[in-house]
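Each remark here refers to the structure printed beneath this line.
Bear in mind that the values in this text are calculations on the coordinates, not laboratory data. None of these values were measured; they are calculated from a predicted model. Neighbour counts are summed over all protein chains in view; Cβ atoms, including those assigned to glycine, are modelled from backbone coordinates with ideal geometry.
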Amino acid sequence: MRALDTAYNYRNFTSHRTLSSAASDLLQHFTISTKVGFMPGPNGTPRHTLSPPRLREAIDRTVETLGVRPEVIFLHNPERALDSEVVDPASRIDHLDE
């Protein structure tokens, strides 16, 4: 096994910290992919957002916590941003940053 896949929100937003504390000296030898898109909401409940500042914050925190830069950072379920009450499908792309 040489690849790890995780996400910012796994293990109640502690997966990166857990991974780093368990294997920090080995992480540089792995290909790491992770996902961002779910952020802690009110009372810690995960809330989906594709807000660029929130995504940047999650990515910065990911790199800081892991101590290595992931090879790939995916958007976690970006289609959820399109599940709004937007009537005109052509305007849905404008809602990806809400």
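Tell me the trypsin sites (Lys or Arg not before Pro) within segment 1-39 that lie in a loop according to DSSP and have at most 10 other beta-carbon atoms within 10 Å. Please report the intermediate quantities before stating the final value.
On the way: sites: R2, R11, R17, K35; in loops: R2.
Answer by residue number: R2.
DSSP loop (so not H, G, I, E, B), at most 15 other Cβ within 10 Å: list which GluC sites (Glu not before Pro) in segment 2-76 pass both filters.
Loop-located and lightly packed - E71.
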Mind pulling the per residue volume of the convex hull built on the Cα atoms of segment 5-46? Å³ is fine. 58
Per Stokes-Einstein, at 10 °C and 1.306 mPa s, what whole-number D in µm² s⁻¹ belongs to segment 1-81, with the Kirkwood radius over Cα pairs as the hydrodynamic radius? 124
